[in-house]
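Q: After the structure tokens below, expect a handful of questions from me.
The values are calculated or read from the model by the stated rules, or taken from the named source; none is laboratory data. Keep in mind it's a predicted model, so treat the numbers as computed, not measured. Heads up, the Cβs are rebuilt from the backbone with ideal geometry, glycines too, and the neighbour counts pull from every protein chain shown. For the accessible areas, the whole protein counts, side chains as well, though only heavy atoms, and no ligand, DNA or RNA atoms are used. Shrake-Rupley method; radii C 1.70, N 1.55, O 1.52, S 1.80 Å.
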Amino acid sequence: MSPEIEARILAAAARVYAQYGFRGATTRRIASEAGVNEVTLFRIFGSKAKLLQAMLVSQVVSVAVPVLPADVSDPHAVLTRWCAVLLHYLRGHADLIRKTIAEADERPDAALAACEGPSAAAESLVLYVELLRDEGLADADLDVDTPISMFMSAMFGDALYRDIMPNAFPQPQGQAPSKYVQTFLRGVGLRALPLPARSRQTGGAGPRRGGR
């Protein structure tokens with residue numbers, strides 16, 4: 001079977017799943033959306049469960065997520081750029097993430113898979129805050145987990161529910177990353193940078209895959 005047909009089926013499965021969830025995403029609906037017959041789906045993927053798992057991998061898990069560079073020369077600017085990219089990533093996958101979270105009791109593995117990218121981004125944030133602390137730019141006795149949990153929760157909520165509750169999140173939308181970062185850096189006790197500003201460029205700023 002050609003890669004083009006497989007890709008078309010996976011994209012169709014993502015659209016159907018985002019609308020109907022696991023139970024409602026029947027192979028008949030997916031086949032119709034993809035413009036193929038059901039036999040083709042089973043020939044390629046074997047079962048509906050394997051098809052939807054492959055869809056999550058192709059649409060979410062294997063998509064690059066932003067990773068923070070080891071650059072503390074301007075934490076607000078670095079984190080704001082990262083936050084904006086992460087929000088764009090989350091908004092692009094909001095429907096799939098919402099569905100998998102709603103079905104987490106029945107299909108916990110799918111929910112974990114859909115959240116692998118955000119989890120990798122959060123790990124990157126932990127390393128960045130630890131770098132700030134090591135450089136003497138954040139509180140030495142900092143509780144890392146709490147501000148990071150609040151920051152990531154705010155971004156999740158913004159990406160998944162702003163369209164439903166727009167007034168619950170910073171306005172205008174374009175300024176949300178900067179506002180989130182400003183509050184976050186206060187939470188970690190960011191100190192003023194010495195002059196000249198210190199910078200460590202040893203970390204890779206390239207993309208990282210959602211999988212581990």
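Q: Out of everything in the stretch 125-144 that is part of a loop (DSSP other than H, G, I, E, B) and open to solvent by less than 20 Å² (accessible area, probe 1.4 Å), what residue ends up being modelled with the lowest pLDDT? Walk me through how you get there before you give the answer.
A: To start, the set of residues in the stretch 125-144 that are part of a loop (DSSP other than H, G, I, E, B) comprises 135-144.
Filter once more, keeping what is open to solvent by less than 20 Å² (accessible area, probe 1.4 Å): 137-138, 144.
Details: L137: 92, A138: 90, V144: 84.
The selected residue is V144.
Q: Ok, one more. Anything in the stretch 55-84 that is open to solvent by 30 Å² or more (accessible area, probe 1.4 Å) and closer than 15 Å to V16 by Cβ? List them, or say none.
A: Result: S58, Q59.
Q: Please specify each residue of the stretch 145-162 satisfying the condition of being open to solvent by 80 Å² or more (accessible area, probe 1.4 Å) and either in contact (Cβ under 8 Å) with a residue 24 or more places away in the chain or under 25 Å from D74 (Cβ atoms) (or both).
A: At the first step, the residues of the stretch 145-162 found to be open to solvent by 80 Å² or more (accessible area, probe 1.4 Å) are 145, 150, 161.
Within the stretch 145-162, D145, M150 qualify.
Q: So which residues in the stretch 52-88 are in a loop (DSSP other than H, G, I, E, B), among the polar types (S, T, N, Q) and closer than 20 Å to F156 by Cα?
A: Selection gives S62 alone.
Q: Would you confirm whether any residue within the stretch 27-49 is among the small types (G, A, S), within 25 Å of the chain's Cα centre (by Cα) and under 22 Å from E4 (Cβ atoms)?
A: Within the stretch 27-49 (the criterion being among the small types (G, A, S), within 25 Å of the chain's Cα centre (by Cα) and under 22 Å from E4 (Cβ atoms)), the answer is no, since none of the residues qualifies.
Q: Now, a different point. Given the criterion free of Cβ contacts under 8 Å to residues at least 60 places away in the same chain, among the hydrophobic types (A, V, I, L, M, F, W, C) and in contact with a Gly (Cβ under 9 Å, 6 or more places away or on another chain), identify the matching residue among A7, A25, A34, A12.
A: None of the other options fit; the residue is A12.
Yes/no matrix, rows are residues, columns are (1) touching a strand residue (DSSP E or B) at 6+ places or on another chain (Cβ under 7 Å); (2) within 16 Å of E103 (Cα to Cα); (3) not polar (S, T, N, Q):
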site	(1), (2), (3)
Y17	no, yes, yes
R23	no, yes, yes
I30	no, no, yes
G35	no, no, yes
V39	no, no, yes
F45	no, no, yes
L51	no, no, yes
S58	no, no, no
P66	no, no, yes
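Q: Another one. In the stretch 23-43, what residues are open to solvent by less than 50 Å² (accessible area, probe 1.4 Å) and part of a helix (DSSP H, G or I)?
A: The answer is G24, T27, I30, A31, A34, T40, L41.
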